[in-house]
Amino acid sequence: AVRPAAEPAGPARSASGSIAVPGARPRVARESRIYVEGVHDAELVEQVWGHDLRVEGVVVEYLEGVDHLPAIVAEFGPGPGRRLGVLVDHLVPGSKESRIAEQVSSPDVLVTGHPFVDIWQAVKPSVLGFSAWPEVPRGIPWKEGVLRALGSGEEPGEAWRRIRGSVRTFADLEPELLGRVEELIDFVTAVQGVQD
């Protein structure tokens, strides 16, 4: 005899761990936005939080670095009902990124970040089959240094597809990223009642 599969207890969950909204149509995009530093960051945020972002009508765009963040924020024109959240890599005291972030001051902008040199490090190494991300000496491009230290012959794009493909849910990511993305989503959606 074959036993029937047990029904999952509780509501279905999205990759971010939130309650999935079955059949929800994407909401028309709000004016508020979340900016991330690069394509890999945007892809990972979409992969894990995409369902939530579509339900909330939040668009994620990438900056291609933060060097011109103050000008980008000014061009965006934040204000009540038009909030901007920015996720920055390597946002640690004394870093170039932290000095740039400190130049942005607006109650309608939240610049936050994680301590990782690159978004790759936000993926738990155990998910990829090793115990820790290798240290890469200054002066060596981080991604290439990591791949060399791991003995991988992959190109960075190929490696990223494999790394991202290993991420199934929020549990595969480090808490330092999880908390920051959730904080940004909360920040840019806090004014949404004004627009409904």
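Under 16 Å from the mean Cα position of the chain (by Cα) and aliphatic (A, V, I, L, M) - does that describe any residue in the range 133-148?
Let us first name the residues in the range 133-148 that are under 16 Å from the mean Cα position of the chain (by Cα), namely none.
Within the range 133-148 (the criterion being under 16 Å from the mean Cα position of the chain (by Cα) and aliphatic (A, V, I, L, M)), the answer is no, since none of the residues qualifies.
Return yes when residue 158 is charged (D, E, K, R), under 24 Å from residue 48 (Cα atoms), open to solvent by 70 Å² or more (accessible area, probe 1.4 Å) and not in a loop (DSSP other than H, G, I, E, B) and no when it is not. Yes.
Write out, first by first residue and then by second, each pair whose Cβ atoms fall under 7 Å of each other, whose residues are 6+ apart or on separate chains, and whose first residue, in the range 69-84, is more than 11 Å from residue 109 (Cα to Cα) while the second is assigned to a strand (DSSP E or B). Cβ pairs passing all conditions: 69/86. Considering the range 20-71, the residues that are open to solvent by 20 Å² or more (accessible area, probe 1.4 Å) and aromatic (Phe, Trp, Tyr) include one that is modelled with the highest pLDDT, namely 35. Cβ-Cβ contacts under 9 Å between residues 6 or more apart (or on different chains), taken from a first residue in the range 55-67 that is without any contact (Cβ under 8 Å) to a residue 12 or more places away in the chain to a second residue that is open to solvent by 20 Å² or more (accessible area, probe 1.4 Å) and not small (Gly, Ala, Ser), are absent.
Answer yes or no: is there a residue in the range 72-91 that is open to solvent by less than 30 Å² (accessible area, probe 1.4 Å) and more than 16 Å from residue 184 (Cβ to Cβ). Checked the range 72-91: at least one residue is open to solvent by less than 30 Å² (accessible area, probe 1.4 Å) and more than 16 Å from residue 184 (Cβ to Cβ).
So for the range 76-91 (the condition being out of contact with any strand residue (DSSP E or B) (no Cβ under 8 Å at 6 or more places or on another chain), assigned to a helix (DSSP H, G or I) and farther than 20 Å from residue 146 by Cβ), does at least one residue qualify? Explain how you work it out, then say what you get.
As a first pass, look at the range 76-91 and keep what is out of contact with any strand residue (DSSP E or B) (no Cβ under 8 Å at 6 or more places or on another chain): 77, 79-82.
Narrowing further to those that are assigned to a helix (DSSP H, G or I): none.
Checking the range 76-91: not a single residue is out of contact with any strand residue (DSSP E or B) (no Cβ under 8 Å at 6 or more places or on another chain), assigned to a helix (DSSP H, G or I) and farther than 20 Å from residue 146 by Cβ.
In the range 171-186, of all residues being among the hydrophobic types (A, V, I, L, M, F, W, C), farther than 14 Å from residue 88 by Cβ and assigned to a helix (DSSP H, G or I), the one that is least open to solvent (accessible area, probe 1.4 Å) corresponds to 185.
The values are calculated or read from the model by the stated rules, or taken from the named source; none is laboratory data. Since the model is a prediction, treat every value here as computed from it, not as a measurement. Quick reminder, even Gly has a Cβ in these numbers, built from the backbone with ideal geometry, and neighbours come from all protein chains shown. These area figures cover heavy atoms from the full protein model, side chains too; ligands, DNA and RNA do not enter into them. Shrake-Rupley method; radii C 1.70, N 1.55, O 1.52, S 1.80 Å.
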